[in-house]
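Have a look at the structure below before the remarks.
The values are calculated or read from the model by the stated rules, or taken from the named source; none is laboratory data. Every value quoted in this text rests on a predicted model; they were computed, and no experiment measured them. Here the Cβ positions follow ideal geometry from the backbone for every residue, glycine too, while neighbour counts run over all protein chains shown.
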Amino acid sequence: MGESVEGTFRKTVELANGKCALVEKGREFTLVPWRPVLERHIGKDICGIMRGDGISWTIGRRLDLGR
């Protein structure tokens, strides 16, 4: 199983190496590679599992990973 990312997709951020999605959870945030499928989900809860060279996204609900 890969590493998980979960939280609320707040906005896109332009960096020197490309566009990222800002995912906020509490007072923490994570920048992940932006994908077009995310654009219409700003403000929604998202959950992703990072595997190899990509992330599998679940939109609109969070996974309970026992945390």
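Quick look at the numbers
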| item | result |
| --- | --- |
| Yes/no for LEU31 being surrounded by 12 or more Cβ atoms within 10 Å (Cβ to Cβ), at pLDDT below 95, under 9 Å from the mean Cα position of the chain (by Cα) and not in a strand (DSSP E or B) | no |
| Residue that is surrounded by the fewest Cβ atoms within 10 Å (Cβ to Cβ) [pool: residues in the stretch 1-24 that are in contact (Cβ under 8 Å) with a residue 40 or more places away in the chain and outside any strand (DSSP E or B)] | MET1 |
| The stretch 25-51: number of residues that are free of Cβ contacts under 8 Å to residues at least 40 places away in the same chain and among the small types (Gly, Ala, Ser) | 2 |
| Considering residues of the stretch 35-60 that are closer than 17 Å to GLU3 by Cα and outside any strand (DSSP E or B) only, the residue modelled with the lowest pLDDT | ASP53 |
